[in-house]
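Asks: A single structure is presented below for examination.
Derivation of every value follows stated rules applied to the coordinates shown; laboratory data play no part. Computed from a predicted model, the values in this text were never measured in an experiment. Here the Cβ positions follow ideal geometry from the backbone for every residue, glycine too, while neighbour counts run over all protein chains shown.
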Amino acid sequence: MGNWPHQLSLNVSLETPASFDNFVAGNNQALVSQVMWALEQQGFQLIYCWGGEDSGKTHLLQAAWHWVRGQGGEACYFDLSRPGLTSQMLDAQDSAELVCLDNLHHLTDSSDDQEAVFHLFNRLQLRQSKLLVAASQPPQALKNMLADLTSRLAWGLTYPLTRLDDEQKIQALQLRAQQKGILLPDEVARFVMHRSPRRLSVLFSLLDQMDQWSLNEHRKLTIPFVRERLKW
């Protein structure tokens, strides 16, 4: 069997874990509602979501992972963009109520690796478990994929994810600040938004920096303070 990405400890801070509460859905509310509904149902469920970078795919999968674990259930999350573990680890997820496969478009061309996902699908269906998949494209658009695997992935519900617009990103930034206990005034959030790269990962990283500066210097977050520290 080919090499498999390892099951990651989720790459989010303990203070602000990915959750449905801190996921700003924007135009993706139908998908979020469907995922939350599916997690509460009995029986096999497959939801496949796809979208570009910064569309929220990983956050959504990790939110589902956290929700199931928070309910006392078993769940596992695999990031297929990371090299690491062997396929036997995937085969071992027999007791999981939910399996999340992130970045499926990074799945290798190896027939062994693709067959491992194919067999995982079949096992989850027999066990009446849940499978949540995220990729950059819909199933039929993934290149070099086994026809049987493509067919399986297309069985479930498929949703496109759209990126947040600027106002929704400001909302997400302020929500993240609130959950970290940071007072981020509207004018400061907009100042940062319009002068930095608008990817959420960059905005969240800037928020962490601003929080540290504020704590170290015992100053509130204001436009002059942020401009001074960022040299804008």
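Asks: Is there a quick way to get the dipole size of segment 26-160? I mean about its Cα centre, with the Cβ of Lys and Arg at +1 and of Asp and Glu at -1; what is the value in debye to the nearest 20?
Replies: 280
Asks: Sticking with this structure for a sec: Distance in nm between label sites at N22 and H194, each 7 Å beyond Cα in the beta-carbon direction?
Replies: 2.7
Asks: If we sort 62-69, 136-143, 164-171 on the protection proxy, mean other Cβ atoms within 10 Å, highest first, what's the order?
Replies: Numbers: 62-69: 21.1, 136-143: 14.1, 164-171: 15.9.
With the highest mean Cβ count within 10 Å placed first, the list reads 62-69, 164-171, 136-143.
Asks: Go ahead and estimate [θ] at 222 nm for the chain from helices alone: -39,500 (n - 2.57) per DSSP H run with n ≥ 4, summed, over the residue count, rounded to 500.
Replies: Working: 9 runs with 104 residues, N = 232.
It lands at -14000 deg cm²/dmol.
Asks: Continuing with the same structure: Could you give me the ³J(HN,Hα) list for segment 208-222, computed from phi with Karplus coefficients 6.51, -1.76, 1.60 and θ = phi - 60°, whole Hz, x at Gly and Pro?
Replies: 4, 5, 4, 4, 5, 4, 4, 5, 5, 9, 6, 10, 6, 7, 10
Asks: How far apart, in nm, are the 7 Å Cα→Cβ label points at A141 and A154?
Replies: Output for this residue pair reads 1.5 nm.
Asks: Moving to a separate point now. Under the Kirkwood approximation for Rh and a Cα-based Rg, what ratio Rg/Rh is obtained for the chain? Intermediate results must be reported in sequence, preceding the final value.
Replies: Details: Rg = 19.5 Å, Rh = 19.0 Å.
On the Cα set of the chain, Rg over Rh gives 1.03.
Asks: Is the shape of segment 94-175 best called rounded, prolate or oblate, per the rule: a/c under 1.5 gives rounded, else a/b larger than b/c gives prolate, else oblate, with a ≥ b ≥ c the square roots of the Cα gyration tensor eigenvalues? Don't skip to the end; give the middle numbers.
Replies: On the way: a/c = 2.54, a/b = 1.66, b/c = 1.53.
Prolate shape, in that a/c is at least 1.5 and a/b is the bigger ratio.
Asks: At q = 0.18, 0.19, 0.25, 0.30 Å⁻¹, what is the base-10 log of I(q)/I(0) for segment 166-230 according to the Debye formula with one equal point scatterer per Cα and no solvent? Please give it to two decimals.
Replies: So the normalised log intensities work out to -0.55, -0.62, -1.14, -1.68.
Asks: Report the Cα centroid-to-centroid distance between segment 33-68 and segment 159-232 in angstrom, as an integer.
Replies: The two parts, judged by their Cα centres, are 26 Å apart.
Asks: Count of lysine pairs in the chain with Cα atoms under 28 Å apart, counting only pairs 8 or more residues apart in sequence or on different chains?
Replies: Final tally of qualifying lysine pairs is 11.
Asks: Given 10 °C and 1.306 mPa s, how large is the Stokes-Einstein diffusion coefficient of segment 26-160 in µm²/s, with Rh as the Kirkwood radius over Cα pairs? Numbers along the way, then the final one.
Replies: Details: Rh = 14.9 Å.
In µm²/s, the coefficient rounds to 107.
Asks: While we're here: Once Lys and Arg get +1 and Asp and Glu get -1 on their Cβ, which of L120, N216, W67 lies farthest toward the positive end of the dipole of the chain?
Replies: Farthest towards the positive end: N216.
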